[in-house]
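Derivation of every value follows stated rules applied to the coordinates shown; laboratory data play no part. None of the values given here were measured: they were computed from a predicted structure. Quick reminder, even Gly has a Cβ in these numbers, built from the backbone with ideal geometry, and neighbours come from all protein chains shown.
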Amino acid sequence: MKKLSIIGAGWSGLACAVAATQAGWQVELFEAAHEAGGRARSLDQTFAGVPLDNGQHILLGAYRDTLDLMRTVGVNPNEVLLRLPLDLRTADGLGFKLPNGLLGGHANNFPTSSFPSSLPTYLSASDLTPSLPNSLLGTLSASWKLLVGVTFAKGWSTDDKWRLMQAGWRWRVAGFTCDATWSVHQLCEASQLTPNVVQGLIEPLCLSALNMPLQSASAAVFLRVLHDAMLSGVGSSDLLIPKTDLGELFPHACLEWLRRRGAQVHLGTRFTQEDLAQWLDESHGGPTTKFLQTSISQDRDELDKKITTTEATTERVLVIACPAWEAARLTQRVAPAWSAQAQALSHTAIATVYLQCHDAGFIGLNRPMVALKMHPNAPAQFVFDRGILCQQPGLLAAVVSASEDEREQISALVQQQVAEQLGLKQLSVVQTVVEKRATFACLPNTFEGPNQAGVKPDMFVTPHIFACGDYVRGPYPATLEGAVRSGLQLVRHLG
């Protein structure tokens, strides 16, 4: 039987393990931590009997591979994720929000007709009341929802909306591509977007998706994400917010699924350079099998897969699915060039501040997620009501993407920011989680050719060793979907 050893039980490693098991591989999984999930895992600390997480993650409707993987291991996304239309409004109701269904509450501004006989499961009758003619309803798309969202954005002037519509049209005509050297800030300037649109739409989207400030984030990657999230099908832009801790969301069910199918899972087991050397020694001299040496380059719509088959005298494959810096350390001796490329990636931090509200009569926020106004002394972009989401009454989670301050300063600033903007008087800090290297820095040219400094490394490490993870070459920034796709793609290449 073909044997696949995987180092790292983050979402990419877990995806790889599931796909390999389905493909008939004998899987052995190693994870240094005692909890699977990588940077999207639950912590030992609890609140109201429910574990806290190492970060407040959001999925999107466009995360199709991730959602399919959850279903594979027995998790129903409809039960563990709250689906909401994209909503970037602040506590005062100002800002951008996509409508519910196709038209939401704005349907009465459009021509009416009889209600269709049946609707998709994610729509209710109220979403389309009054309704449009069936022929027109069939042509409504994500771009129409965007038009409605922009048209009815509160607090935006006519000039704000018109310039955004013009920019969106130009981006679409250009195929959502731009100069690879541009930052998102340069893209906004070239597109002549107004400060209201930049601060209320572009900046929070950029920070959430790329975990980078506008001045240094890759515009090319931002446009790719914008296209796939907003225009890749019905529901693709929906927010999917976990209603349980991250361990219960996927990793725990995944480990159980793997064990039931014979996979060996070793938590709390660190794989060292010496272990790697021993693995290579044991792998030589076995029966000849075919391996895939894969070189991947990026084009507009998908990865251009260039696959060549080579002969290797081993019956086993090793997959490195740990973070880039750990992968670089492990491969320093066996693949110094690949190791240097992985080591060259810089990283940015994300902080999550858990706050408890002690105000008398506080029953929660009016929405599960509320955008916050940012300035130098107010670093958080969003606050989540964990009482609504995870049955943790009184607990709020504020997220600071691209955070740079120390833990104590972040805690104090966010506590004051949330209190002032949400009108809460008695807040205490429960826990502040800072992931110093949460995501690779999605800089301009990060996704360019193999000779570009700072580019994402290839999945091929040596003829016996491969890598998967959101930092491995592919079209997306550091997201759960990018991690999952990398793991699945590797198994497809191995055959």
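Results, tabulated for the structure shown:
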item: Greater than 23 Å apart at Cα, pairs in K97/K161; K243/K436; K97/K243; K154/K243; K373/K425; result: K243/K436; K154/K243
item: Proximal aspartates and glutamates relative to K3, as straight alpha-carbon distance under 19 Å, when same-chain residues fewer than 8 apart are discounted; result: E28, E31, D275, D281, E282, E311, E315
item: Under 5 Å, built H, 5+ apart or other chain: amide partners of L52; result: L43, Q45, T46, F47
item: Calculated FRET efficiency for the pair T90/A340, C-beta based, R₀ 45 Å, to 0.05; result: 0.55
item: Residues of type aspartates and glutamates that K456 reaches as a straight line, Cα spacing below 19 Å, ignoring anything fewer than 8 places off in the same chain; result: D179, D299, D301, E302, D304, E326, E448, D470, E481
item: Per-peptide average of other Cβ atoms within 10 Å, ordering 482-494, 369-381 highest first; result: 482-494, 369-381
item: Residue-by-residue Karplus 3J(HN,Hα) for the range 436-446, coefficients 6.51, -1.76, 1.60, Hz, glycine and proline x; result: 4, 10, 5, 9, 6, 6, 8, 8, x, 6, 4
item: Additional length obtainable on full extension of the chain from Q264 to R329, 0.36 nm per residue less Cα span; result: 21.0 nm
item: In Hz, Karplus ³J(HN,Hα) per residue of the range 228-242 (6.51, -1.76, 1.60; θ = phi - 60°; x = Gly, Pro); result: 5, 6, 8, 10, 9, x, 4, x, 5, 8, 4, 7, 10, 9, x
item: Whole-Hz ³J(HN,Hα) from phi, Karplus 6.51 cos²θ - 1.76 cosθ + 1.60, for the range 478-487, glycine and proline x; result: 7, 10, 4, 5, x, 5, 4, 4, 4, x
item: Residues K154, K145, K97 arranged by fewest to most Cβ contacts within 10 Å; result: K154, K97, K145
item: Distance between the range 1-80 and the range 337-358 - C-alpha centres, whole angstrom; result: 19 Å
